Every structure is written in structure tokens, then in C-alpha cells.
Amino acid sequence: MNKSVKILLVEDDLNLGSLLKEFLEVKGYSTTHCLDGLNGLQTFKKNKYDLCILDVMMPKLDGFSLAGQIRKMNKDIPLIFLTAKSMQADKIEGLKIGADDYITKPFSTEELFLRLSRILKRSSAQRETASANENVEFKIGNYLFNYKNRMLKLNDKAKRLTSKESELLKLLCEHNNKLLERTTALNAIWKENTYFTSRSMDVYIAKLRSYLKEDSSIEIANVHGLGFKLIF
């Protein structure tokens, strides 16, 4: 099954990159290794991948900049950052870009494999859920949200959402004017409740608020320590 999964690995440390490529291929994943961010970007443009593993500190184009370029071409592809940095600001930057995970060096190959497997499983489940809910639409104040197309419209303006943004907004709509517990959303979308996924959800909530701000009657309220309410 893994043979159909293609991974782009961008790591400027030749020894580490070669080790990870060999390990992932032993696990059955087709893996392309690039030694700098610019080459990684050019390679991504030419091929189709299911997941990207990006080092942060790289020559020519750093991992965050590379991820930003990748997100312009594919809003949904899972991203894992590898870095020697452990500063909180760097993790928040990765979350804003839409990182699915953030692994600080040194780490074990088995840890990477477990996280990667979990992300791919979650991504597959989200696609299946989207397929099963093809015709779901929600009216949110003056907005119209089409879950199948991940499209949020206000009059003649349309915003295409990422898969996680769409999943989270759908949950909020289903709990309209009711509490959406943090644990419910985390387990439904991220399939786990950790510090990283919790902070990631906060970033996505902030994005949804910004998308809905043109209708002042809409509010995504924070219920301290419990979760969120979509009110309109």
C-alpha cells in the first residue's frame, strides 16, 4: 500500500537525508531527497507528492519559505518540519504556514515513521469524509459554505479553504450556537489531543475568524478551557 505514497524529503545534511531516504524506502514509501530548498521547490513543481518533510534551516531557500511556496500550489498536502530549533516562535511560524507536525532534532527514525503514518492515515480519512458528505452546504450569516468544494462565499467573493479549515468550520456549523469541545474537534480532525495539535487548532480558529469578519453578526466565541461556539 505504501508504494503508491510519494514523499518529498528536503534536507541539506547529506548523511541524515540519505539515512532518512533509505529508511522510508525500506518502509515502502517512494522518497525523493533534495539537498536545498530551491531544488526542493523545483522538484515539487515537476512531480506529484503525498507528503513533504522539510528541514527548516537550509541554503538558497529555508524550509518555511519553501513551505509557503508549496502551500500556494497545494493547500492540503501534509507538511512535516525537521529542525534543530526548539524555540516557541519557530513552532508558531510553522503552525501558521499549516504544518501537520514539527519534529526537533535529534529524533529517532521510528518516531518520524509513526508520526508520518498517523498524518497519512488522517489525510486519507479526511478525503473519505469529504467524499461521503459531497452535498453538504451551510448558511452562516451572509456567507454560504460548500463543504464538498471547500468554498466559502460572500456575495461575489469566494474563498477556497484548506481541508482542515473546512473540517473545522463544518464541525462549528454542526454545533451552531452550541459548544464545540476542544477534545471533540481535535480527535475528529487531528485524531489526537496534544499541545501541538491544540495550538494548531487555535491558529485555524483565528484564520476562520478572519474569513468571516465581513459579517459582524458572526462570532466564533472562545469558551475558556472548554472549546468554541459559532454564533450568528
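Read-outs: derived from the displayed coordinates by stated rules, not from any lab. Quick caveat: nothing in here was measured; it's all calculated off a predicted structure. Every residue, glycine as well, gets a Cβ built from its backbone with ideal geometry; the counts of neighbours run over all protein chains shown.
Listed values, structure above:
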{"quantity": "Chain lengthening between Val223 and Lys153 when straightened (0.36 nm per residue, less Cα-Cα)", "calculated": "22.5 nm"}
{"quantity": "Tail fraction, Cα-Cα pairs, region 2-130, threshold 26 Å, whole percent", "calculated": "12 percent"}
{"quantity": "Ellipticity estimate at 222 nm from DSSP helix runs (n ≥ 4, -39,500 (n - 2.57)) divided over the chain, nearest 500", "calculated": "-13500 deg cm²/dmol"}
{"quantity": "Rg over Rh [alpha-carbon atoms, Kirkwood Rh] for region 136-231", "calculated": "0.94"}
{"quantity": "Electrostatic dipole magnitude of the chain [Cβ: Lys, Arg +1; Asp, Glu -1; Cα centre; debye, to 20]", "calculated": "620 debye"}
{"quantity": "Estimated FRET transfer efficiency when R0 is 25 angstrom, pair Lys6-Leu114 (beta carbons, to 0.05)", "calculated": "0.80"}
{"quantity": "Tilt relative to the chain, helix 37-46 - C-alpha long axis, 0 to 90 degrees, to 10", "calculated": "70 degrees"}
{"quantity": "Cα-based Rg of the chain normalised by 2.2 N^0.38 Å, two decimals", "calculated": "1.06"}
{"quantity": "In degrees, nearest ten, helix 163-174 long axis to first principal axis of the chain (Cα)", "calculated": "20 degrees"}
{"quantity": "Inter-probe distance in nm under a simple model that places probes 7 Å from Cα toward Cβ, at Asn176 and Ile103", "calculated": "4.2 nm"}
{"quantity": "DSSP bridge pairs, the chain: antiparallel proportion in percent, nearest 5", "calculated": "50 percent"}
{"quantity": "Unit charges on C-beta of K, R, D, E only; dipole of region 2-130, Debye", "calculated": "540 debye"}
